[in-house]
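See structure below.
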Amino acid sequence: MRLSTNRLYPLILTLASMLLLAAPLKSETVDKIFTLNNDNVDAFLVEMISEYQRFQREVIEYRRFYEERGDHRGYMVWRQNAFSPIVRDRNAFYQEMLEQNHTFIERQNLDAIFGVFDSLERFSIDVMQAFVEQDIQATANARSTLAMNRQLIDELKRDRALVLESGE
């Protein structure tokens, strides 16, 4: 069986995305729940925000890729099989960090940033519905989520003088 170029590129991209999304992050604390304190909280926040921004960009970039090819199904498969499992796993880690460090996080007024990461799955669903169903409300929801999250991140960066590796 011979694959056409139009079918081969999405397959290669889907496989590459699975490998990239599964790549380990730099932090040695990726899967370990640890105690946040004044010495490590900013580094943790930079890691979480950077990871959120990377996932958020991937949703948009893959939507564009598949939209250019008119491949709704390819996007849905990518989101379901490559994106969602990894984001759910990472979100579970961050939610466990929130639970284990709730007193410190509350005292530092950092609860909202955990909600930003938690919104990734819903954001990806809104982007998918906007693409697949041409759903105007889903488009508005996705844009609203981006705007609210950007505002929270910008405030946190300003208030804590955080410097993200991506230069954002």
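The numbers here are math on the coordinates, done by the rules we state, and not lab data. Treat the numbers as computed from the prediction; the structure is a model and nothing was measured. Every residue, glycine among them, receives a Cβ derived from its backbone with ideal geometry; neighbour counts consider all protein chains shown.
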(message) When a/c reaches 1.5 or more, the comparison of a/b and b/c decides; with that in mind, is the stretch 41-160 rounded, prolate or oblate per its Cα gyration tensor?
(response) prolate
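Would you work out if the stretch 65-124 is rounded, prolate or oblate? Take a ≥ b ≥ c from the square roots of the eigenvalues of the alpha-carbon gyration tensor; rounded if a/c is under 1.5, else prolate when a/b is larger than b/c, oblate otherwise. Numbers along the way, then the final one.
Working: a/c = 6.02, a/b = 2.84, b/c = 2.12.
The shape class here is prolate.
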(request) Would you work out the charge dipole size for the stretch 41-160 about its Cα centre, treating the Cβ of every Lys and Arg as +1 and the Cβ of every Asp and Glu as -1, and quote it to the nearest 20 debye? (result) 280 debye
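Mind ordering 138-144, 159-165, 115-121 by average Cβ neighbours within 10 Å, highest first? Walk me through the intermediate numbers first.
Values: 138-144: 16.1, 159-165: 11.7, 115-121: 18.6.
Output ranking for 138-144, 159-165, 115-121: 115-121, 138-144, 159-165.
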